[in-house]
């Protein structure tokens, strides 16, 4: 499209193409510039590598914290019976009445399973476990109450929901009172959410650092190519044409940095695996470390690409505008 | 082709580079722009290539008022103007071919056409054998000719040259001028800023003389000479 000379045809330039092929050619050009800018990074391998490693490390830290949270969550989800509710039934109740209660409770949608432990059963267990066996025989009567153990469904295992369920159960007329040991569960959950919050905060800080690092790297490369940008502007390059290679560089930094971060997390997990297995062995648990899966790799990469794009975009918008051909 | 109407340019800081300059350059005309250094020659060229905007007055190219050209349209204006510099402004990172191809690459031209046109342009300036060279390995005159090839590679209707012979000896200067005459014969309008008065004297072309930002030479009087 010639602005000044309407009749001037542009000699096989992109201008006399129709819509679809124009789009095709601009896409082709975009991809070509992407490959070019990758080659450009290859020309200064040390500098590019350093930037990539800094980015990789900045992304590794939040990724690692994320993995830690994920694993802790996994461990804590193993403590589902933590939210078991013990219901002490009234003493005057006979066995048949207790059985009806058990059956009625089993119909609750909030409850997964119900089990009944009679006082004699409880005493027997207590004798075995406590080691007071002989001493207990001296008791005149069984001091233990009849207990109904209630396991809520997953949704009602969370401290608050379990508390609500407990209140509801206590309203049953056969129930003397109920007990829910959730203090430590509340503490664990509080710790977990603290951990999550700190991962979020640290992550936010480090991700802003990534934007700044990429922005600054791109700024330096813009300064380095000042003369080239001036000449391009002189021969009539559009801003989009001048911006694209720098944007691409930012995107590449993101892609490779994100991949470096992923690899370091994988390597770290591999390194820790045997140590974790040893700890788990001591606790007789079959806990295995969970790493990052494919989806999380994709999220990490797209996050890194987004950051690379933002960083370079900010620099490109800010600095290329100021480079004009006349200011030599 | 180019028309200036009472164009003034004052730079920030108060320096008046041009004062009420009016002239017209016809289609396909070749003209010289002369004057002592600092007289406003470069400013005048910058106004044509929209590197600067006039403080007052209007500049027209082919009847289009440059004042109405928006900033984002400037690239398209420059694609119609070939610009040649005293320091030729070649990019040392690229070889001669890539330097000359630049205006075509930014237009998104097909690779085959680019090769054809670059070779044609280099042939015109007699440097076809230096296609693969780095600009820094060429002599001053050769570098200037590469710069010219870059300016004409997309056959712009208008050529601007800012002291194109500034660093060259008279013989090479004459050679470069012959090139410009050749382009002019093919219908390209050419405006050459130079302080090389000896060069102008030998050629029968219009010349515009600037003195402290004012145009002092009557074009008609010049033609009588």
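Bear in mind these aren't lab numbers, they're just calculated from the coordinates by the rules spelled out. Predicted, not measured: the structure shown is a model, and the values here were computed from it. Glycine gets a Cβ as well: all are built from the backbone with ideal geometry, and neighbour counts include every protein chain shown.
Quick notes on this one:
- With Cα atoms, 0 to 90° folded angle of helix A:19-43 axis to chain A main axis: 80
- Annotation: the residues A:312, B:207, A:115, A:76, sorted from fewest to most other C-beta atoms within 10 Å of their own C-beta, follow the order A:115, A:76, B:207, A:312.
- Only helical runs count toward this figure. For chain A, summing -39,500 (n - 2.57) over DSSP H runs of n ≥ 4 and dividing by all residues gives -23000 deg cm²/dmol at 222 nm.
- At R0 = 45 Å, FRET efficiency that the Cβ-Cβ distance of residue B:212 and residue A:224 yields, to 0.05: 0.70
- Remark: A:24, B:94, A:313, A:138 ranked as A:138, A:24, B:94, A:313, counting other beta-carbon atoms within 10 Å and listing the fewest first.
- Once Rg and the Kirkwood radius are both taken over the C-alpha atoms of the protein assembly as shown, their ratio Rg/Rh works out to 1.33.
- With 5 Å bins beginning at zero, the pair-distance distribution over Cα atoms of the range B:2-216 amounts to 1, 7, 15, 19, 20, 16, 12, 7, 3, 0 %.
- Semi-axis lengths (Å, descending) of the ellipsoid that matches the C-alpha gyration tensor of chain A: 70, 23, 15
- Mean residue ellipticity (222 nm) of chain B, computed from DSSP H runs ≥ 4 via -39,500 (n - 2.57), nearest 500: -10000 deg cm²/dmol
- Nearest-ten-degree value, helix A:239-282 long axis tilted from longest Cα axis of chain A: 30
- A Gaussian network model of chain A, with springs between Cα atoms under 10 Å, assigns the largest mean-square fluctuation among A:257, A:19, A:291 to A:19.
- The angle between the Cα long axis of helix B:111-124 and the longest principal axis of the Cα atoms of chain B comes to about 70 degrees, rounded to the nearest 10.
- For the pair residue A:321 and residue A:280, a Förster radius of 51 Å applied to the C-beta separation gives a FRET efficiency near 0.35, rounded to the nearest 0.05.
- Most mobile of A:235, A:199, A:148 in a GNM of chain A (Cα contacts under 10 Å): A:235
- Contact order, relative form, for the range A:53-204: 38 percent (alpha carbon pairs under 8 Å, 6 or more residues apart, mean separation divided by residue count).
- Sorted by Cβ neighbour density within 10 Å, fewest at the top, the residues A:20, B:74, A:251, A:218: A:20, B:74, A:251, A:218
- Computed Rg/Rh of the range A:84-180, alpha carbon atoms with Kirkwood Rh: 1.02
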